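Worksheet: one structure, shown below.
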Amino acid sequence: MEVLAMLRQLIGQVKQLLELQASSSSSSSSLVAVAPNISFHLQTPPLIHLPRCYFLNLDDNSAEDSCYNIIMTAGKSENLKMLEPGKPPPKKKARKERNQGKVTGSSCSIENLDQQIWKEFPEDLFEAVVARLPVATFFRFRLVCRKWNSMLTSQSFSEQCAQVPQPQPWFYTITHENVNTGAMYDPTLKKWHHPTIPALPTKLIVLPVASAGGLVCFLDIGHRSFYVCNPLTRSFKELPARSVKVWSRVAVGMTLCGKLAGGGYNILWVGCDGEFEVYDSRNNSWARPGTMSSNIKLPLALNFKSQTVSIGSKLYLMRSDPDGIVSYDMVTGVWKQFIIPAPLHLSDHTLAECGGRIMLVGLLTKNAATCVCIWELQKMTLLWKEVDRMPNIWCLEFYGKHVRMTCLGNKGLLMLSLRSRQMNRLVTYDFSTREWMKVPGCVLPRGRKRQWIACGTVFHPCLTAVA
C-alpha cells in the first residue's frame, strides 16, 4: 500500500508539472535543445516510460522548481542540465579567453626565469652581444643606465667591437644649401640622420674630405684648418697649424696606423704644385717626410672634390695631363705615377675601391646619350676594363640632358648624385652585388627635401673610434 501511495504521489506531481508548463507562456512551446535543429516535445508518458535523463526536484515545498528550464548540451542528448530561472544558457568561451589564464601564469614564470638568466649572464659575453647591435639600436640601448652608457670608453668593449665584421659603410654628405651641417645616410636602413657636431665652426665652410676607422676628416677652407671627428659619438679634435698654407686646390687622404683608430691615424694633404705634409696622430704633429719624385709631372689638377682611395697604407688619387693615377705610401714615403689612358667621352670621373681593387666611376656621354659606367684597373696591362653600367631604363632619363655627377665612394659602396635642370637623382651602387638602388631624398632640418649633394665622404660607423 505504501508503494502504491508513492506512485500516485509521483504521478500527481508529474501532471502538476505539465499543467504549469502548459499554462506558462515561456514554456508553452516544446523544449528546445542547445544542439541545432533538435527539439523534444513532452507528453504525458506512462510512468514506466519516464526518461532517465530528467533531474527533477520533488520536494513538496519547492513549487518553483517545476518551472526550471531543461536544456541539452550540444551533441550530447543524454546530458541535460538545470538552469535557474531568468539566467541565459552558458556561452562557450573563446580559445583566447580559455588560454588567458594559462598565459598569465606562464608569463610570470618566464619573467622570473629571464631575471635569473640575466643576473648570471657573463659580462664579457654581454659586451660581445652588445657590440653586434646595429648602431641606431645601440644608441637607444645606452640610454638605459650609466653602466651601459659607459661601455663606449671600455677597453674590453673596444676589443669586442674590433672582432665584429665591419658593417656596411655610411655616407657623410654636404648639400649646397646646408654647407655648415651634414647629413649621414645609412644604406642598411635606408635612412638619413642629421648629426650635430657643436665643436665644428658654424660660420665657416667646413667640408668632409677623407675618413678612416670611423673618423671623418674635415677641411676648413676659410681658415685652412683640419678637424677630425667621430660623427656618431661627437669625439672631436682640431689639428695643429701647419707650416705651409693649404688652399682649396688640394687632395686629402687618411689611413690608419694599425687595424683600429685607437692605434693612431695619418692624414696627407697634397697641393697642385707637389707640396705635401703628413699628420701623425701619435705625436700630434705635421711633418714633411720628403719631396715628390721628379718623374711626376706637375702641376696636378686637383680641387676639394679630388677623392682619394686607400688600400692598406697606400693612397691613390686621379690626375690629368697626362691621365693616370698618383700613389703615396704612408709607411715608406714613396710617390709613384702610373700613366693610364682614360676611357673616351668620359666626364665627372672619380676613383673608388673594392676589395683591394682600384675602380673608376664616371659619366660616359656620346651624342645625346649619357650613362654611368664602372671600370676596373687591370694590374697587368694598366688599362681600364668596363665591368658594369647603370640599367638602360634609368639611363633613358638622362637622354638629351646636360647631366652632372658627384660620386662618393670607397669600401665597396658608391653614392652617386646625378642632377640636371630637369631632374635630380641619388643612387647607390654595391660592387659586391652589382646592385643599383635609388636613395630617398634627404629632408633638411627646416623640412625641405634635397635630392643632390655637393661633396662628402664614406666612412665605416665605429662606436669606439676616438679622434
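The values are calculated or read from the model by the stated rules, or taken from the named source; none is laboratory data. Since this is a predicted model, take the numbers as computed values, not measurements. Reconstructed Cβ throughout: ideal geometry from the backbone, glycine too, with neighbour counts over all protein chains shown. These accessible areas exclude ligands, DNA and RNA; they are computed on the full protein's heavy atoms, side chains included. Shrake-Rupley method; radii C 1.70, N 1.55, O 1.52, S 1.80 Å.
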Subset tally (residues that are in a strand (DSSP E or B) and either more than 23 Å from Val216 (Cα to Cα) or in contact with a His (Cβ under 9 Å, 6 or more places away or on another chain) (or both)) for the range 406-441: 9
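Looking at Glu397, Glu376, Glu386, which is the one that is among the acidic types (Asp, Glu) and crowded, with 17+ Cβ neighbours inside 10 Å?
On the way: Glu397 fails: crowded, with 17+ Cβ neighbours inside 10 Å; Glu386 fails: crowded, with 17+ Cβ neighbours inside 10 Å.
Within the list Glu397, Glu376, Glu386, the selection yields Glu376.
Only residues that are open to solvent by less than 70 Å² (accessible area, probe 1.4 Å) and farther than 19 Å from Asp186 by Cβ: list them for the range 131-145, please. It would help to see each step written out before you state the result.
Step one: filter the range 131-145 for residues open to solvent by less than 70 Å² (accessible area, probe 1.4 Å), giving 131, 133, 135-139, 141-142, 145.
Answer for the range 131-145, where residues must be open to solvent by less than 70 Å² (accessible area, probe 1.4 Å) and farther than 19 Å from Asp186 by Cβ: just Cys145.
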Failed condition for Leu204, given (1) open to solvent by less than 40 Å² (accessible area, probe 1.4 Å); (2) touching an Asp or Glu at 6+ places or on another chain (Cβ under 7 Å): (1)
The range 248-297, subset β-branched (Val, Ile, Thr) and not in a strand (DSSP E or B), residue farthest from Leu204 (Cα to Cα): Ile296
Residue in the range 177-187 that is of a type in the set (Asp, Glu) and closer than 17 Å to Cys407 by Cα present: yes
Hits in the range 301-316 (condition: modelled with pLDDT of 85 or more and surrounded by 15 or more Cβ atoms within 10 Å (Cβ to Cβ)): Thr308, Val309, Ser310, Ile311, Lys314, Leu315, Tyr316
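Have a look at Trp148, Trp192 and point out the one that is open to solvent by 30 Å² or more (accessible area, probe 1.4 Å), among the aromatic types (Phe, Trp, Tyr) and modelled with pLDDT of 85 or more. Show your work before the answer.
On the way: Trp148 fails: modelled with pLDDT of 85 or more.
Step by step, each of Trp148, Trp192 is checked, and only Trp192 is open to solvent by 30 Å² or more (accessible area, probe 1.4 Å), among the aromatic types (Phe, Trp, Tyr) and modelled with pLDDT of 85 or more.
Which of the residues spanning the range 441-461 are modelled with pLDDT of 85 or more and either loosely packed, with under 13 Cβ neighbours inside 10 Å or on the phi < 0 side of the Ramachandran plot (or both)?
Narrowing the range 441-461 to residues modelled with pLDDT of 85 or more: 456-461.
Matches in the range 441-461: Thr457, Val458, Phe459, His460, Pro461.
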Residues (open to solvent by less than 30 Å² (accessible area, probe 1.4 Å) and in contact with a Leu (Cβ under 6 Å, 6 or more places away or on another chain)) located in the range 210-233: Ala212, Gly213, Leu219, Asp220, Phe226, Val228, Asn230
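Here's the yes/no breakdown for (1) touching a Lys or Arg at 6+ places or on another chain (Cβ under 9 Å); (2) among the aliphatic types (A, V, I, L, M); (3) at pLDDT below 80:
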{"residue": "Asn112", "(1), (2), (3)": "no, no, yes"}
{"residue": "Ile117", "(1), (2), (3)": "no, yes, yes"}
{"residue": "Ala136", "(1), (2), (3)": "yes, yes, yes"}
{"residue": "Arg140", "(1), (2), (3)": "no, no, yes"}
{"residue": "Gln168", "(1), (2), (3)": "yes, no, no"}
{"residue": "Thr175", "(1), (2), (3)": "yes, no, yes"}
{"residue": "Asp186", "(1), (2), (3)": "no, no, no"}
